[in-house]
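Before any comments, here is the structure.
FYI, it's all coordinate maths here, none of it is from the lab. On a predicted model such as this, the values are computed, not experimentally measured, just so you know. Ideal geometry is used to build each Cβ from the backbone, glycine not excepted, and the neighbour counts take in all protein chains shown.
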Amino acid sequence: MGQQPGWQYRLLHDRPEHTLIWLTRGQGRATVEGLRRGLGPHNALFIPAGTLFALEPGLQSLGLVLHSPVGGDLWPGAPWHLRIREGAAQAELTALLDAMMREQSQQRGHLAQALGAHASLVSVWLHRQGEAAPQDDGKPNAARRLMRLYACALSAGFRSDRGVSDYAAALGVTPTHLTRTARAACDRTAATMLAERKLHEAQRLLAQPDPPVNRIAESLGFHSAPYFTRFIRSHTGHSPTEIRRGRHGARPGLRH
């Protein structure tokens, strides 16, 4: 986990591939579908493709992250949070992930097939552990349902110019209620959740040489490049151009 820039996981985002987080030491927090939960040693957190999430590992945390392409696989269709207490099961997952890292480092022939085979074994491990122990997902209630709906709406619509009031109206609640629910569920306001999703995509695009900054601004629903620049600077302390040129490392989260 420590080999990636902090913003890649700390900011709310969704990915086109499945994600498995395996925390082997220390503690942390994760926000999945607008719900924040604590993570401890030997916790496995599975996040399906397209699911809004953020990971906040503690300073002493160690762990591995697996991204697996979507396809004809055995991965679950919903987020799973498993606390693995059996030593043999812990060692089995760690060994599978270590084998995948060795494959990547050695770059031998048939790499894609080897990684796919290992990923299938990881998905089998996940299902077996899910059957052996209940998932730590909490009981559903109105607040949780609202946050899941809002998270899904953000994933689908963050590139538009819609604001919190637009999302709230579509969900049939007031902006105040949506913000209050979000703060209770994940310690973020509804506006912060929206800003994080836009900021993550902006950071991802600015890490590449193209497209131009004005095109990025347009693709994220900003009506002008200067407004986009103010947004980026207010949250990172740097301009989009400075981030792209690599003169400054953008901060891993939002300013509060």
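Quick notes
- GLN113-ARG230 FRET efficiency (beta carbon distance; Förster radius 51 Å; 0.05 resolution): 0.60
- Karplus (6.51, -1.76, 1.60) ³J(HN,Hα), θ = phi - 60°, over region 172-180, in Hz, Gly and Pro reported as x: x, 10, 7, x, 5, 5, 5, 5, 5
- Per residue, the convex hull around the alpha carbon atoms of region 1-57 comes to 70 Å³.
- With θ taken as phi - 60° and the Karplus curve 6.51 cos²θ - 1.76 cosθ + 1.60 applied, the whole-hertz 3J(HN,Hα) list for region 23-33 is 8, 9, 8, x, 10, x, 9, 9, 10, 10, 6 Hz, x standing for glycine and proline.
- The distance separating the Cα centre of region 107-130 from that of region 144-212 comes to 33 Å.
- Gyration tensor verdict on region 142-245 (Cα atoms; rounded if a/c is under 1.5, prolate if a/b is larger than b/c, oblate otherwise): prolate
- Label separation (LEU171 vs ARG159): 2.2 nm, computed from points 7 Å beyond Cα along the C-beta direction.
- For region 66-124, GluC sites (Glu not before Pro) are listed when DSSP marks them as loop and at most 12 other Cβ atoms sit within 10 Å of their Cβ; the list is GLU86.
- Placed amide H near THR24: partners under 5 Å, 5+ positions off or other chain: HIS42, LEU62, GLY63, LEU64
- Extending 7 Å from the Cα toward the beta-carbon at both ASP98 and LEU59 defines two label points whose distance is 2.9 nm.
- Cβ-based net charge around TYR227, under 13 Å, with every Lys or Arg adding one and every Asp or Glu removing one: +1
- Once the trypsin sites (Lys or Arg not before Pro) in DSSP loops with at most 12 neighbouring Cβ atoms within 10 Å are cut out of the chain, the longest remaining piece is 109-246.
- Cα convex hull of the chain, projected area averaged across orientations, nm²: 14.7
- In nm, spacing of pseudo-spin labels at ARG83 and THR24 (7 Å Cα→C-beta vector): 2.2
- Dimensionless Rg over Rh [region 82-157; C-alpha; Kirkwood]: 1.14
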